[in-house]
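The values are calculated or read from the model by the stated rules, or taken from the named source; none is laboratory data. If you're wondering where the values come from, they're calculated on a predicted model, not measured in any experiment. Cβ sites come from the backbone with ideal geometry, for glycine too, and all protein chains shown count toward neighbours. Surface areas here come from the heavy atoms of the whole protein model, side chains and all, with no ligands, DNA or RNA. Shrake-Rupley method; radii C 1.70, N 1.55, O 1.52, S 1.80 Å.
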Amino acid sequence: MANRALHRPDMPGPQTVEPTKVTGNKSGSARPLLTASGGELPDRIFGFAMLLCGLTILALLVLIVYELVLRSSLSWHAFGLKFFNGQDWDPVNEQFGALPFIYGTLVSSLLALIIAVPLAVGVAVFTTEMCPKALRGPLSFFVELLAAIPSVIYGLWAIFVLIPILSRYVQPILSKTLGWTGLFEGPNFGYSMLAAGVIMAIMIVPIISSITREVLTVVPQHQREAALALGATRWEMIRIGVLRNARAGIMGAIILGLGRALGETMAVTMVIGNRPEIAKSLFAPGYTMASVLANEFSEATGNVYLSALIEIGLALFFVTIVVNGLARFLVWSVTRGQPRRASA
């Protein structure tokens, strides 16, 4: 017979053990039960604090819109929608139209992007893909240093350096070669929409370049190696393996640069000429919504005059929202249908 463990009366019988109760989450993993005094109360306080931070941002946005709408109500009732397509700006007779300022803001910002985007992307590609390691750090530092220079310093530099260069060398060449387009004709004053676009382009290059560089550095290295393994040249590797994968991020950098250009005030005020008119030529002086606020807000004596300036601020606010919405649509149109790469 097989050996069996005999049960004797003096031996304790089998004892039952109560299972330990644990709480589980949806994934089935066990976690200890937290008491209100141990974990739930601090967690609730933290959640309430974070909710309060989020609601504070929304409250500030609502307060800004409310004050702009309230303070511009007098101009809105006096001119209605004609305020945004009117071209007359006559504080003496209290006739106000914001179209020249909207035109100047959009044209100068678009001109700044046309000049800055190729330069900024080129600098970012050079520093990440082609620059020697010894030069990469100093070059990146000096590019980012341009973003720390105050706006008024850019304006002073433009007055004493940029405008003489444009008026003596650049504008005569543009007038001779591209004057037939109508964009580069007329008197050469120096203080013009072209000068405002160039100085804004210099100011937004660091923003676009630094963000583009950060985007390019996170492109997986195997994208570059795969393109080179297939026989691509360096230019083809950068164009196909790097820029194509980073185009959404580059578009985001351009959006931030455009936001800086739309709201730029001091440097533009010092070089644009400050004349409320709509001219086809980029040699003509102009005005932007930000610069008219800086120039005339302290001189606004009448209630209608002050309300009209505040309504220009409201228009600048909505133009910024529309431009950013359009840019987000462009990002969506570029990235739709593109499968997301799983993160390592």
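Which ones in the stretch 40-68 are in contact with a helix residue (DSSP H, G or I) (Cβ under 9 Å, 6 or more places away or on another chain) and of a type in the set (A, V, I, L, M, F, W, C)? Correct list: ILE64, VAL65, LEU68. Just name the residue that is modelled with the lowest pLDDT out of those in the stretch 264-287 that are part of a helix (DSSP H, G or I) and either open to solvent by 40 Å² or more (accessible area, probe 1.4 Å) or in contact with a strand residue (DSSP E or B) (Cβ under 6 Å, 6 or more places away or on another chain) (or both). Across the stretch 264-287, the extreme among qualifying residues is MET266.
Based on this model, can you work out whether ARG71 counts as touching a residue at least 12 places away in the same chain (Cβ under 8 Å) and more than 17 Å from THR288 (Cα to Cα)? Answer is yes for this residue. When VAL218 is tested against (1) touching a residue at least 40 places away in the same chain (Cβ under 8 Å); (2) more than 30 Å from PHE317 (Cβ to Cβ); (3) open to solvent by 10 Å² or more (accessible area, probe 1.4 Å), exactly one condition is not met: (1). Among residues of the stretch 295-314 that are over 20 Å from GLY263 (Cβ atoms) and assigned to a helix (DSSP H, G or I), those with a Cβ under 9 angstrom from a residue that is of a type in the set (D, E, K, R) and open to solvent by 30 Å² or more (accessible area, probe 1.4 Å), sequence gap 6+ or separate chain, pair up as VAL304/GLU94; TYR305/GLU94; TYR305/GLU299; LEU306/ARG71; SER307/ARG71. Evaluation of ILE202 against the conditions (1) buried (at least 21 other Cβ atoms within 10 Å of the Cβ); (2) at pLDDT 85 or above shows that the sole unmet condition is (1). Screening ILE211, ILE153, ILE173 for residues that are in contact (Cβ under 8 Å) with a residue 24 or more places away in the chain and not polar (S, T, N, Q) leaves exactly one candidate, ILE211.
Condition first: surrounded by fewer than 16 Cβ atoms within 10 Å (Cβ to Cβ), under 29 Å from the mean Cα position of the chain (by Cα) and under 21 Å from VAL271 (Cβ atoms). Can you find one or more residues in the stretch 128-142 that meet it? So far as the stretch 128-142 goes, no, none of its residues is surrounded by fewer than 16 Cβ atoms within 10 Å (Cβ to Cβ), under 29 Å from the mean Cα position of the chain (by Cα) and under 21 Å from VAL271 (Cβ atoms).
Evaluated against (1) under 23 Å from the mean Cα position of the chain (by Cα); (2) open to solvent by 50 Å² or more (accessible area, probe 1.4 Å); (3) under 18 Å from VAL123 (Cα atoms), TRP235 falls short on exactly one condition, (1).
Can you tell me which of ALA227, ALA290, ALA261 is touching a residue at least 60 places away in the same chain (Cβ under 8 Å), in a helix (DSSP H, G or I), open to solvent by less than 20 Å² (accessible area, probe 1.4 Å) and under 29 Å from GLY122 (Cα atoms)? Being touching a residue at least 60 places away in the same chain (Cβ under 8 Å), in a helix (DSSP H, G or I), open to solvent by less than 20 Å² (accessible area, probe 1.4 Å) and under 29 Å from GLY122 (Cα atoms) holds for just one of ALA227, ALA290, ALA261, which is ALA261. Would you mind stating whether PRO187 is in a loop (DSSP other than H, G, I, E, B) and of a type outside the set (Phe, Trp, Tyr)? The answer is yes for PRO187.
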